[in-house]
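Colleague: The structure follows.
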Amino acid sequence: MNDAQLIQTAQEALLITMQISTPVLMVGLIVGVAIALLQALTQVQEITLVFVPKIMAIFFSMFVFLPWMLNVLVIFMESLADRIISGGLV
């Protein structure tokens, strides 16, 4: 395995990590901003009001996006296994 192949594989892994984490992080961001806006408008500064809806939204989004995430990871793993078998990553 040369340096170019190692760098390419690491780049692909990082891009896939960002790709599969983006939807869940965006849901958390949107819910967090919406709750913060609600708190600012009503002047209710309860700290648990932020965490509970955000955690529930993140769990729900993981439930919704999990099949897609697994599909992306399976495709990446299959390509990685093909490279290992062909001798590209030895």
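The values are calculated or read from the model by the stated rules, or taken from the named source; none is laboratory data. Fair warning: this is a prediction, and the values are worked out from it, not measured in the lab. Counting neighbours? That spans all protein chains shown, and the Cβs are built from the backbone with ideal geometry, glycine included.
Colleague: Being among the hydrophobic types (A, V, I, L, M, F, W, C), modelled with pLDDT of 90 or more, in a helix (DSSP H, G or I) and under 23 Å from the mean Cα position of the chain (by Cα): is that true of Val50 here?
Modeller: no
Colleague: Further question: Tally time: how many residues in region 8-21 are surrounded by 11 or more Cβ atoms within 10 Å (Cβ to Cβ) and either over 14 Å from Leu73 (Cβ atoms) or of a type outside the set (Val, Ile, Thr) (or both)?
Modeller: Looking only at that region, the number is 7.
Colleague: Let me confirm something: among Asn2, Asn71, which residue is surrounded by 11 or more Cβ atoms within 10 Å (Cβ to Cβ) and among the polar types (S, T, N, Q)?
Modeller: Asn71
Okay, residues lined up against (1) surrounded by 13 or more Cβ atoms within 10 Å (Cβ to Cβ); (2) modelled with pLDDT under 90:
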{"site": "Ala34", "(1), (2)": "yes, no"}
{"site": "Ile55", "(1), (2)": "no, no"}
{"site": "Ser79", "(1), (2)": "no, no"}
{"site": "Val90", "(1), (2)": "no, yes"}
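Colleague: State whether one or more residues within region 15-31 are in contact with an Asp or Glu (Cβ under 9 Å, 6 or more places away or on another chain), without any contact (Cβ under 8 Å) to a residue 60 or more places away in the chain and of a type in the set (S, T, N, Q).
Modeller: Checked against the condition, which is being in contact with an Asp or Glu (Cβ under 9 Å, 6 or more places away or on another chain), without any contact (Cβ under 8 Å) to a residue 60 or more places away in the chain and of a type in the set (S, T, N, Q), region 15-31 yields no hits at all.
Colleague: Any residue in region 77-90 that's more than 15 Å from Ile7 (Cβ to Cβ): show its pairings with residues that are part of a helix (DSSP H, G or I) and modelled with pLDDT of 90 or more at Cβ separation under 8 Å, as long as the two are six or more apart or on different chains.
Modeller: Filtered contacts from region 77-90: no entries.
Colleague: Being among the aliphatic types (A, V, I, L, M) and either in contact with a helix residue (DSSP H, G or I) (Cβ under 8 Å, 6 or more places away or on another chain) or not in a helix (DSSP H, G or I) (or both) is the filter here, so list the residues in region 20-29 that pass it.
Modeller: If the condition is that a residue be among the aliphatic types (A, V, I, L, M) and either in contact with a helix residue (DSSP H, G or I) (Cβ under 8 Å, 6 or more places away or on another chain) or not in a helix (DSSP H, G or I) (or both), then Ile20, Val24, Val27 are the ones that fit.
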